[in-house]
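This report concerns only the one structure given below.
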Amino acid sequence: MGQENKTQTWVREFILLGLSSDWKMQVFLFVLFLTMYLVTLVGNVLILLLIRLDSRLHNPMYFFLSILSFVDLCYSNSFAPQMLAHLLSARKSIPFYSCVLQLYISLALGGSEFFLLGAMAYDRYVAVCHPLHYTVIMHGQLCLGLAAGCLVVGFANSLMETIITFRLPLCHNVINHFACETLAVLRLACVDVSFNKVMVAISGFLVIMLPCFLVLFSYVRIVAAILNIRSAQGRSKAFGTCASHLTVVCMCFGATIFTYLGPRSASSEEKEKMVALFYALVAPMLNPMIYSLRNKKVMAALQKVLEKF
């Protein structure tokens, strides 16, 4: 009974080890991450406002981009504020139920983003391979259905993974991470977690590889269609409509596949921290830049809004 009470006391909160124990490094990271977080907020909110205000951006491509920006905003907010507060705190603790919620929200939004990138690849496939039927195929109901389906799949997968993770008995409450992340929490378990690791692997395959296969299929067809275009200007214009999305896809899928589907090593825990940091701050910060700087319509919409003010 004493041991049981002790265990219940332990899981009232978790202690996060964070990224560094050196105070000067923590202050440096706080300034760096705060800057990145503010750029993320400004960039994604600006994308949402431009798409809302400019009628030239009211089409399927920018609808999916607005959903992506919203997901990036929420994903970054599920990590960044707590991480910034902990960088200036001596005791980096998080209540048990806050940890559960953070893991659930981050997994759900991360999974939804991968499926959104797959849906955006399909949108680009239709735009390049069936340009005359684009507005008929990518009608409003289909776009809403695809976006809703991406979110439903992401949140359903996250619910399953969160439940089987936090049903495990835990031996201690110190997490070697800056946030509540599945594999980091599994290391606290007092029992064999082979089943959980198998489920995480299956979940990772479905959430990462299925959208990845859809992206690959779409771009194989896109490249084939582009090569059949006779004029160099036409090929350049067709590729230009996909360049921003392809850049984001390579960045997001590449980082995850390299980290989670690559060989395990002694430095795996540090790699997990880096990929979580990448998706919490780096990717949400870069996505608006990639889509705006490489997109003439977005830049024109920005110029129009600036002229009004």
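For the range 106-113, 3J(HN,Hα) computed residue by residue from phi via the Karplus equation (6.51, -1.76, 1.60; θ = phi - 60°) reads 5, 5, 5, 5, x, x, 4, 5 Hz, glycine and proline entered as x. Around the amide H of Leu170, modelled in the peptide plane, lie the amide H atoms of Cys190, all under 5 Å away and 5 or more residues distant in sequence or on another chain.
Each residue of the chain gets 151 Å³ once the volume of the Cα convex hull is shared out per residue. For Glu13, the residues whose modelled amide H falls within less than 5 Å of its own, excluding neighbours fewer than 5 places apart on the same chain, are Phe96. Only Cα sites of the range 34-187 enter the Debye sum here, all with the same form factor; the resulting log10 I(q)/I(0) across q = 0.12, 0.18 1/Å is -0.63, -1.09, listed in q order. Ligands, DNA and RNA left out, the 1.4 Å accessible surface of the chain is 70% carbon and sulfur atoms.
Across the range 216-231, coupling constants 3J(HN,Hα) worked out from phi with the 6.51/-1.76/1.60 Karplus curve, θ = phi - 60°, read 4, 4, 4, 6, 5, 5, 5, 4, 4, 5, 5, 5, 7, 6, 6, 7 Hz, and Gly and Pro carry x.
Converting phi to 3J(HN,Hα) with the Karplus coefficients 6.51, -1.76 and 1.60 and the offset θ = phi - 60°, the range 158-164 yields 5, 4, 4, 5, 5, 5, 6 Hz in sequence order, with x at every glycine or proline. Overall, the chain carries a charge dipole of about 820 debye about its Cα centre when +1 sits on the Cβ of Lys and Arg and -1 on the Cβ of Asp and Glu, all other atoms neutral. Lysine pair count for the chain with Cα-Cα distance under 26 Å and sequence separation of 8 or more or different chains is 14.
Rolling a 1.4 Å probe over the protein heavy atoms leaves His172 with an accessible area of roughly 80 Å².
Sort Lys237, Lys92, Lys296 from largest to smallest accessible area, using a 1.4 Å probe on the heavy atoms of the protein chains. Please list the in-between numbers first.
Values: Lys237 155, Lys92 25, Lys296 185 Å².
So, going from the largest accessible area down, we get Lys296, Lys237, Lys92.
Quick one: net charge around Phe30, please, counting Lys, Arg +1 and Asp, Glu -1 for every other residue with C-beta under 14 Å from its C-beta. It would help to have the intermediate numbers written out before the result.
On the way: positive: Lys24, Lys92; negative: Asp22.
My count for the surroundings of Phe30 gives +1.
If you sort Leu302, Leu206 by accessible surface, 1.4 Å probe, largest first, the order is Leu206, Leu302. Across the chain, C-alpha contacts under 8 Å between residues 6 or more apart give a mean separation that, scaled by the residue count, equals a relative contact order of 28 percent. Computed with a 1.4 Å probe over protein heavy atoms only, the accessible area of Thr135 comes to about 110 Å². For the chain, modelled as a Gaussian network with Cα springs under 10 Å, which listed residue fluctuates most, Tyr219, Tyr104, Tyr37? Maximum fluctuation in the GNM of the chain, among the listed residues, is at Tyr219.
By a 1.4 Å probe calculation restricted to protein chains, Met289 has an accessible surface near 80 Å², given to the nearest 10.
The values are calculated or read from the model by the stated rules, or taken from the named source; none is laboratory data. What you are looking at is a predicted structure, and each value in this text was computed from that prediction instead of being measured. Note that each Cβ is placed from the backbone with ideal geometry, even for glycine, and that neighbours are counted across all protein chains shown. Protein only, heavy atoms only, side chains kept; ligands, DNA and RNA dropped before computing areas. Shrake-Rupley method; radii C 1.70, N 1.55, O 1.52, S 1.80 Å.
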